[in-house]
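Student: Dropping the structure in here first, questions after.
Where a number appears in this text, it was derived from the coordinates with a stated rule and is not lab data. Note that this is a predicted model, so its numbers are computed, not measured. Heads up, the Cβs are rebuilt from the backbone with ideal geometry, glycines too, and the neighbour counts pull from every protein chain shown.
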Amino acid sequence: MTKLRRTAVAAVLALVLPLPIAGAGSALAAPGPAAAVAPGAASATAAEASTARLDLPRPTGSQPVGRSTLHLVDEGRPDPWVPSAGPRQLMVSMYYPARPGTGGPATPYLTAEEARLLLQSQVPGGNVPPEAATGLHPWARTDARPAPGRFPLVVLSPGFTLPRATLTGLAEDLASRGYVVAAVDHTYETSGTTFPDGRTLPCAICGDPDIDKIAAIPPSRAKDISFVLDRLTGPRPAWPYAHMIDRDRIGMAGHSIGGNSAASTMATDQRIRAGVNMDGKFFDPVPADGLGGRPFLMLGTQSVHNPSGWDTSWNDAWARMDGWKRWLSVTGSDHGSFTDGPIIGARAGLPDPEATLAPLRAEKITRAYVGAFFDLHLKGVPQRLLDRPSAAYPEVVFQRP
């Protein structure tokens, strides 16, 4: 392999493979105590970035949030990565608008073993206390009674090597705004997934930097998501509160390769009406004939995902999208800024010099723009935030290739 080829491969894999929390572009990176605060982000302080007491911010919507967990088994499909394991098995966290005062205490952010494997994958050889992840306190009440009514469904797919829990902040916020949310763990693609019998299955392909295998992940995830939709909206649904779901209003968002998977799922499953890619390279290209006129939001880092950035897959995807579309870049963000990762990194005391956007500010921006997108396209509520730059979010740049 030539030096140029090796460099190109390394750059591409930086968007999907686990990196140390303190390293450049880390999926769980957080800005250091001396990091600059983005213009206009008065609430994001350097003190915030260095504290070990950071936690998930309160959801911004008016609805209390409930959470339940599903274990789904696709008897008609062998596991694509470990065929000897038998049928494909998935763990799904369901977040939903709930009745006030119901439900039990919040389920832990991660199991102890999931936290150990996640931190081990991010800081190889490091000694990061699992409390940096397990100590996060979600807001959703376990098995709370559902609120009356029918709500749009949003499916969330995490980045490669990352568990579904790293999208908890976004999931809870969407549920508080009147959505049912299904966050999916793609077994053997995350650092670790715990099943109801107590087994925690580690990642089977995370150590393989083969680009062809990585390119196969989004189509495989599309099959995962279509199966999840079948079990949530088909006859005899697996979730007891499935009556809450409006089957005609379904969207999908994902981080990193999960964002590419949103487009891949839309290409094969017409039930997904709107999609979001949060900083993910399009390893699986958008079809040449587009996405059937359906809306798509690309939300990414300014340093990589601008029209002259090195990830040209966004330029190609933009040209092929045939419906409503926006390309937004966030100044000061890094690859993990669209997840709970910066909060975990700050709690662990491991700064990332690449990100100047403080953790809670990053979380606020992601919630605001992803929420506005689904409010517009699944609820039909006009959103000025998506029409032009906002003084409230000066970090967000509207790209017009």
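Student: Mind sorting ARG141, ARG116, ARG164, ARG247 by how few other Cβ atoms lie within 10 Å of their own Cβ, fewest first?
Tutor: Numbers: ARG141 21, ARG116 18, ARG164 24, ARG247 14.
Listing ARG141, ARG116, ARG164, ARG247 from fewest to most nearby Cβ atoms yields ARG247, ARG116, ARG141, ARG164.
Student: If you build the Cα gyration tensor of segment 185-324 and take the root of 5 times each eigenvalue, what three semi-axes come out, in whole angstrom, biggest first? Before the final figure, lay out each step's value.
Tutor: Numbers: eigenvalues 138, 95, 28 Å².
Three semi-axes, in Å: 26, 22, 12.
Student: Could you pull out every one of the aspartates and glutamates with an alpha carbon less than 16 Å from that of LYS223, ignoring same-chain neighbours closer than 8 positions?
Tutor: ASP74, GLU75, ASP79, ASP185, GLU189, ASP269, ASP284
Student: Run the quick spin-label model on ARG58 and THR331: label points 7 Å from Cα toward the beta carbon, then report their separation in nm to one decimal.
Tutor: Between ARG58 and THR331, the simple spin-label model gives 3.1 nm.
Student: Moving on to the next point. Write down the percent of antiparallel bridges among all DSSP beta bridges whose residues are both part of the chain, to the nearest 5.
Tutor: Details: 24 of 53 bridges.
Around 45 percent antiparallel, to the nearest 5.
Student: Separate question: With each label point set 7 Å from Cα along the Cα-Cβ vector, what nm distance links GLU113 and SER226?
Tutor: The two pseudo-label positions are separated by 3.2 nm.
Student: Taking the Cα-to-Cβ direction at ASP316 and at ASN127 and moving 7 Å from each Cα, how far apart do the two end points lie in nm?
Tutor: 4.6 nm
Student: Can you pull the Kirkwood radius for segment 215-277, inverse mean 1/r over Cα pairs, to one decimal in Å? Write out the running numbers ahead of the final one.
Tutor: Numbers: mean 1/r = 0.0839 Å⁻¹.
11.9 Å is the Kirkwood radius here.
Student: For ARG400, what is the net charge nearby, where nearby means another residue's Cβ is under 14 Å from its Cβ and Lys, Arg count +1, Asp, Glu -1?
Tutor: Numbers: positive: LYS325, ARG326, ARG388; negative: ASP387.
Local charge sum for ARG400: +2.
Student: Still on this structure, I have one more. Order these by the 10 Å Cβ neighbour count, fewest first: ARG150, ARG177, ARG400. Don't skip to the answer; put the middle values down first.
Tutor: Working: ARG150 13, ARG177 24, ARG400 8.
By the 10 Å Cβ count, ascending, the order reads ARG400, ARG150, ARG177.
Student: For the chain, set up a Gaussian network in which alpha carbons nearer than 10 Å are linked by springs, and say which option among ARG294, ARG77, ARG67 fluctuates the most.
Tutor: Greatest mean-square fluctuation among the candidates belongs to ARG77.
Student: Which helices of the chain meet both criteria: a Cα extent of 27 Å or more along the helical axis and a mean Kyte-Doolittle score no lower than -1.0, with helices taken as whole DSSP H segments?
Tutor: Details: long enough: 359-379 (28 Å, 0.00).
Sorted by number, the helices that extend far enough and score high enough are 359-379.
Student: Using Cα-Cα distances under 8 Å and only pairs 6 or more residues apart, what relative contact order does the chain have, in percent? Mind dumping the intermediate values first?
Tutor: Details: 949 pairs, mean separation 91.1, N = 401.
Reported as a whole number, the value is 23 percent.
Student: In addition: Kirkwood Rh over Cα pairs of the chain into Stokes-Einstein at 20 °C, 1.002 mPa s: D in µm²/s? It would help to have the intermediate numbers written out before the result.
Tutor: Details: Rh = 20.7 Å.
Answer from the Stokes-Einstein relation: 103 µm²/s.
Student: Still on this model: What size of dipole, in debye to the nearest 20, comes out for the chain about its Cα centre when the only charges are +1 on Lys and Arg C-beta atoms and -1 on Asp and Glu C-beta atoms?
Tutor: 860 debye
Student: List, largest first, the extents of the alpha carbons of segment 266-401 along their principal axes, each in whole Å.
Tutor: Largest to smallest, the principal-axis extents are 46, 33, 26 Å.
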